[in-house]
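Trainee: Have a look at this one.
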Amino acid sequence: MAAGGEALTSTAYIKHHLQNLTLGFHPEKGLGIAHGPEEAREMGFLAIHLDTMFWSVGLGALFLYLFHKVAVRATSGVPGGWQNFVEWTVEFIDTNVRGTFSSKNDLVAPIALTLFVWVLLQNTMDLVPVDWIPELAKLLGIPYMKVVPTTDPNATFGMALSVFVLMLYYSVKVKGVGGFVGELAFQPFPKWMFPINLLLEGVSLISKPVSLALRLFGNLYAGEMIFILIALLYSAGWMLAGLGGVLQWGWAVFHVLIVLLQAFIFMILTVVYLDMAHQHH
């Protein structure tokens, strides 16, 4: 895959592929699209990554449409290929939830299914050749286009913080405010050491969404970076281009495992954290 379009240095090519399509308010230019990482930084925290929003919401809608379509047309006879896949996915999630979640909550399995399939679809976008969609976007007048939402920490932290809110909600709902605060303040050391307990348990609590978000982001970002570096070989002569083709194929095959594994890890940790929220310690 060549960079295409105007000639870019290797550094500029990498920066271009790692730049989100950012909409925000610039101190000097007002509301608009950022042209480069410097303008994006100057727009501040309230800037929106339009490409992340588009692909994450679009893939979520695709998941709902496809699974709803199967649910409406499901038959008790011999299932078709897509119905069979959906049934296998639902059974896989249900089995894992039953083996991990020990309490009673009818929402946990649907949450796990949603997270697994949604994250999997977002991760799978990393297998699309890195130049195809950005080059098409250029033809449409769109300067930047990152198509893998999970390589944007805003997306992974958004999902992780949603899980964190559910953890807090069920912790208070199941144990009460007093029980939840008691778990944070009165263990693992004696009650008179509650400041140390609160510090240790507070750090442990906050680390859950942070690690959940950074694990997913770090693995997918690294995978995307390797694909970009391999793509640079295509503009370095036919011998390196041939090597790039072999490396790209090999990394794509290996990356399929990462795509699946990271979606599963995000889902199973969510179930574990929700199970902990339902348990009295």
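The values are calculated or read from the model by the stated rules, or taken from the named source; none is laboratory data. Fair warning: this is a prediction, and the values are worked out from it, not measured in the lab. Because the Cβ atoms are built from the backbone with ideal geometry, glycine has one as well, and the counts that use them run over all protein chains shown.
Trainee: Here are some residues: Gly237, Gly250, Gly244. Which one is within 22 Å of Lys146 (Cβ to Cβ) and more than 15 Å from the chain's Cα centre (by Cα)?
Mentor: Gly244
Trainee: Hey, another quick one. Between a residue in segment 76-87 that is closer than 17 Å to Phe63 by Cβ and in contact (Cβ under 8 Å) with a residue 12 or more places away in the chain and any residue that is assigned to a loop (DSSP other than H, G, I, E, B) and hydroxyl-bearing (Ser, Thr, Tyr), which pairs come within a Cβ distance under 6 Å, given they are 6 or more apart or on different chains?
Mentor: none
Trainee: Shifting gears a bit: Counting just the residues of segment 130-143 that are surrounded by 14 or more Cβ atoms within 10 Å (Cβ to Cβ) and out of contact with any Leu (no Cβ under 9 Å at 6 or more places or on another chain), which one comes out nearest to Gly218 (Cα to Cα)?
Mentor: That would be Val130.
Trainee: Taking Lys146 as meeting all but one of (1) modelled with pLDDT of 90 or more; (2) surrounded by fewer than 20 Cβ atoms within 10 Å (Cβ to Cβ); (3) not in a helix (DSSP H, G or I), write down the number of the exception.
Mentor: Tallying (1) modelled with pLDDT of 90 or more; (2) surrounded by fewer than 20 Cβ atoms within 10 Å (Cβ to Cβ); (3) not in a helix (DSSP H, G or I), Lys146 fails exactly one: (2).
Trainee: Can you tell me which residues in segment 83-116 are hydrophobic (A, V, I, L, M, F, W, C), touching a helix residue (DSSP H, G or I) at 6+ places or on another chain (Cβ under 6 Å) and modelled with pLDDT of 95 or more?
Mentor: Passing the criteria: Ile93, Val97, Phe101, Val108, Ala109, Ala112, Leu113, Leu115, Phe116.
Trainee: Additional query: Being at pLDDT 95 or above and in a helix (DSSP H, G or I): is that true of Leu232 here?
Mentor: Criteria not met by Leu232.
Trainee: Another question, then. Out of all the residues in segment 155-173, which are under 12 Å from the mean Cα position of the chain (by Cα) and buried (at least 17 other Cβ atoms within 10 Å of the Cβ)?
Mentor: Listed by number, the residues that qualify are Ala155, Thr156, Phe157, Met159, Ala160.
Trainee: Please tell me if Lys29 is in contact (Cβ under 8 Å) with a residue 12 or more places away in the chain and of a type in the set (D, E, K, R).
Mentor: no
Trainee: Go through segment 174-189 residue by residue and tally those that are touching a residue at least 24 places away in the same chain (Cβ under 8 Å), in a helix (DSSP H, G or I) and surrounded by fewer than 17 Cβ atoms within 10 Å (Cβ to Cβ).
Mentor: 2
Trainee: Name the single residue that is nearest to Gly58 (Cα to Cα) among those in segment 88-114 being of a type in the set (S, T, N, Q) and touching a residue at least 60 places away in the same chain (Cβ under 8 Å).
Mentor: Filtering segment 88-114 for residues that are of a type in the set (S, T, N, Q) and touching a residue at least 60 places away in the same chain (Cβ under 8 Å), the one nearest to Gly58 (Cα to Cα) comes out as Asn96.
Trainee: Restricting attention to segment 224-243, and to residues there that are in contact (Cβ under 8 Å) with a residue 60 or more places away in the chain and small (Gly, Ala, Ser), which single residue is surrounded by the most Cβ atoms within 10 Å (Cβ to Cβ)?
Mentor: Across segment 224-243, the extreme among qualifying residues is Ala231.
Trainee: Is it the case that segment 205-215 has a residue that's in contact with an Asp or Glu (Cβ under 8 Å, 6 or more places away or on another chain) and surrounded by 19 or more Cβ atoms within 10 Å (Cβ to Cβ)?
Mentor: no
Trainee: Another question, if that's okay. Just to verify a result, which residue in segment 115-143, among those that are touching a residue at least 40 places away in the same chain (Cβ under 8 Å) and part of a loop (DSSP other than H, G, I, E, B), is nearest to Ile228 (Cα to Cα)?
Mentor: Checked segment 115-143; the qualifying residue nearest to Ile228 (Cα to Cα) is Val130.
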